[in-house]
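Visitor: First the structure, which I've put down as structure tokens, then a few questions once you've had a look.
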Amino acid sequence: MNPTRPRGRRPGNTDTRREIREAALAMFYRHGYEKVSLRSVAREAGVDPALIHHYFDSKSDLFAEAVLDIDLPDPKEMVARALLGDRATIGQRVVAEVLQIWETPEVKTRLIAMLRASVNGSEMQRPFSQFLAAEYFAKIATQLGHHDAKQRAALAFSLIVGLTTARDLLESPNLASLSQRQLIAAAGAAMQAYLVESW
């Protein structure tokens with residue numbers, strides 16, 4: 001037990017949100033996204049679990065603020081938008097949504113920094129990859145009736161990371177020359193195969 005930490009759970013105060021974020025950041029990096037629960041973050045921060053829900057709507061909300069330090073759309077709404085409309089164009093909608101988020105300047109800066117860190121051997125990328133796979137790609141595949149949703153989500157994430165790494169980190173001139181429409185059409189076909197089609 002930490003001798004400097006008072007016994008019992010602390011009530012909410014002006015520092016509580018920051019302490020929850022710091023505890024969550026450490027846990028997400030240590031254990032990855034999937035193995036961390038809001039209750040375990042509460043234990044780490046020494047606060048009542050109800051305080052987590054007071055400050056954060058969900059685990060994905062806490063992750064976005066603690067790890068990414070950026071505002072992200074609600075993953076549930078993203079999934080709903082991807083599934084709304086023609087099944088034959090789900091892949092294109094998924095790629096379009098992810099690229100739209102990526103192109104937001106503060107998001108792009110943060111995620112490129114994470115990509116650079118992962119290339120240099122840091123585990124910084126691991127919680128983000130698990131977050132996007134679990135909260136977005138896997139839920140789309142699951143709702144489409146696939147029992148191998150985790151494997152499909154891993155392929156979907158590899159597609160996005162490969163595309164963004166080659167274009168924005170390695171600065172491939174051929175990828176940079178493609179318009180957003182061309183990127184969505186080409187990558188969307190692969191995303192369709194990964195998340196939607198049977199194989």
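The values are calculated or read from the model by the stated rules, or taken from the named source; none is laboratory data. None of the values given here were measured: they were computed from a predicted structure. Here the Cβ positions follow ideal geometry from the backbone for every residue, glycine too, while neighbour counts run over all protein chains shown.
Visitor: Hand me the list of helices (runs of 4 or more DSSP H) wholly inside the range 134-199 holding 3 or more residues that are within 18 Å of the chain's Cα centre (by Cα) and under 18 Å from LYS108 (Cα atoms).
Guide: Values: elements: 138-143, 149-164, 173-176, 180-195.
Result: 149-164.
Visitor: Count, please, the residues in the range 100-112 that happen to be part of a helix (DSSP H, G or I), over 13 Å from the mean Cα position of the chain (by Cα) and within 23 Å of LEU195 (Cβ to Cβ).
Guide: Result for the range 100-112: 1.
Visitor: With the checklist (1) at positive phi; (2) at pLDDT 85 or above in hand, flag the one item SER58 doesn't pass.
Guide: The failed condition is (1).
Visitor: Sticking with this one: Suppose the filter is crowded, with 20+ Cβ neighbours inside 10 Å and modelled with pLDDT of 95 or more; does LEU195 pass it?
Guide: yes
Visitor: Now, a different point. In the range 164-190, what residues are touching a residue at least 60 places away in the same chain (Cβ under 8 Å) and of a type in the set (A, V, I, L, M, F, W, C)?
Guide: LEU183, ILE184, ALA185, ALA187, ALA189, ALA190, listed by residue number.
Visitor: Here is a follow-up. Please tell me if ALA141 is within 30 Å of ASP57 (Cα to Cα) and modelled with pLDDT of 95 or more.
Guide: Spelling it out, ALA141 is indeed within 30 Å of ASP57 (Cα to Cα) and modelled with pLDDT of 95 or more.
Visitor: Look at the range 72-99 and say how many of its residues are in a loop (DSSP other than H, G, I, E, B) and either surrounded by 13 or more Cβ atoms within 10 Å (Cβ to Cβ) or outside the structural domain of LEU144 (by TED's automatic domain parsing) (or both).
Guide: Residues in the range 72-99 being in a loop (DSSP other than H, G, I, E, B) and either surrounded by 13 or more Cβ atoms within 10 Å (Cβ to Cβ) or outside the structural domain of LEU144 (by TED's automatic domain parsing) (or both): 3 in total.
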